[in-house]
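Sharing a structure with you now.
The values are calculated or read from the model by the stated rules, or taken from the named source; none is laboratory data. What you see is a predicted model; the values in this text were computed from it and never measured. Here the Cβ is made from the backbone with ideal geometry for all residues, glycine too, and neighbour counts use every protein chain on show. Just so you know, the surface numbers come from the protein's heavy atoms only, side chains and all, with ligands and any DNA or RNA stripped out. Shrake-Rupley method; radii C 1.70, N 1.55, O 1.52, S 1.80 Å.
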Amino acid sequence: MKKQLAMPLSFKRCTKEDIDVLLDISRETFTDTYATQNNPEDFKAYMEEFFARDRLIQELGSEAILFYLAYANGKPAGYFKLNRAGAQTDINEPGSLELERIYLLKTYQGRELGRDLIQKAIEICRDQKASYLWLGVWDQNARAIRFYEKNGFVKFGEHPFFIGRDKQNDWLMKIDF
């Protein structure tokens, strides 16, 4: 199978006006990636909590949380979410940023666009004088772990991650600047 060519991405910091696009990408990518690997009730509970309109609007209004939409040929392709200390799911060390989400619609996967999302997140971290960028990745997601390692991230710990009541394990990975 011939690999599809990469395309240039443009980025836009999300505002509350982008809520519908953000919700659509969040729900579609999370469902495509994880729905079949989780208990339907737990999965539904997670989706209702973390991808609720009100919650995302509140997060968009926070100075500690940064969402960036990625566009390919003028169409939404994905996004990433960065958390400053205080909004992070763990660590909360001043000078660090958490890459809590990096989502790319299925249509755009396999074109090396994930690398572009990571590079933009790293650029923002450097602009903000962060000492490192960290993330949590499900220990069962070997493809994502390889992707992060290929982009310079190294494992430095683990923490629990809950999908509903199902306790899962995330690797903590980081890249220093």
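Based on this model, can you work out whether ASP90 counts as charged (D, E, K, R), open to solvent by 10 Å² or more (accessible area, probe 1.4 Å) and within 18 Å of HIS159 (Cβ to Cβ)?
So ASP90 passes the test.
Let me ask another. Run down PHE50, PHE67, PHE80 and say which single residue is aromatic (Phe, Trp, Tyr) and either open to solvent by 10 Å² or more (accessible area, probe 1.4 Å) or over 25 Å from GLN109 (Cβ atoms) (or both).
PHE50
Condition first: closer than 17 Å to ASP176 by Cβ and under 15 Å from the mean Cα position of the chain (by Cα). Can you find one or more residues in region 73-80 that meet it?
Scanning region 73-80 turns up no residue that is closer than 17 Å to ASP176 by Cβ and under 15 Å from the mean Cα position of the chain (by Cα).
Same structure, new question: On the basis of being out of contact with any Cys (no Cβ under 9 Å at 6 or more places or on another chain) and surrounded by 18 or more Cβ atoms within 10 Å (Cβ to Cβ), does LEU113 make the cut?
yes
Mind listing whichever residues of region 44-71 are touching a strand residue (DSSP E or B) at 6+ places or on another chain (Cβ under 6 Å) and outside any helix (DSSP H, G or I)?
ALA64, ILE65, LEU66, PHE67, TYR68, LEU69, ALA70, TYR71
Another question, then. Among GLU100, GLU123, which is in contact with a Lys or Arg (Cβ under 7 Å, 6 or more places away or on another chain), without any contact (Cβ under 8 Å) to a residue 40 or more places away in the chain, within 27 Å of LYS150 (Cβ to Cβ) and open to solvent by 30 Å² or more (accessible area, probe 1.4 Å)?
The unique qualifying residue is GLU100.
In this structure, is GLU100 among the acidic types (Asp, Glu) and in contact with a strand residue (DSSP E or B) (Cβ under 7 Å, 6 or more places away or on another chain)?
Here the answer is yes, as GLU100 does meet what is asked.
For the list (1) among the hydroxyl-bearing types (Ser, Thr, Tyr); (2) surrounded by fewer than 14 Cβ atoms within 10 Å (Cβ to Cβ); (3) part of a helix (DSSP H, G or I), I need the number of the one condition that THR33 fails.
(2)
To continue, here is another question. Hey, does region 114-132 have a residue that's assigned to a strand (DSSP E or B) and at pLDDT 95 or above?
Yes, region 114-132 has at least one match.
Checking the conditions here, which among ASP24, ASP20, ASP42 is surrounded by fewer than 17 Cβ atoms within 10 Å (Cβ to Cβ) and in contact with an Asp or Glu (Cβ under 6 Å, 6 or more places away or on another chain)?
Answer to the check: ASP42.
Let me ask you something else. Filter region 70-113 down to residues that are in contact with a Gly (Cβ under 8 Å, 6 or more places away or on another chain) and among the aliphatic types (A, V, I, L, M) and give me whichever is farthest from VAL137 (Cα to Cα).
ALA70
Next up: From the list GLU28, GLU41, which residue is closer than 19 Å to ALA144 by Cβ and in a helix (DSSP H, G or I)?
Going through GLU28, GLU41 in turn, just one is closer than 19 Å to ALA144 by Cβ and in a helix (DSSP H, G or I): GLU28.
Let me ask another. Provide a single number: the residues in region 133-165 that are part of a strand (DSSP E or B) and surrounded by fewer than 15 Cβ atoms within 10 Å (Cβ to Cβ).
8
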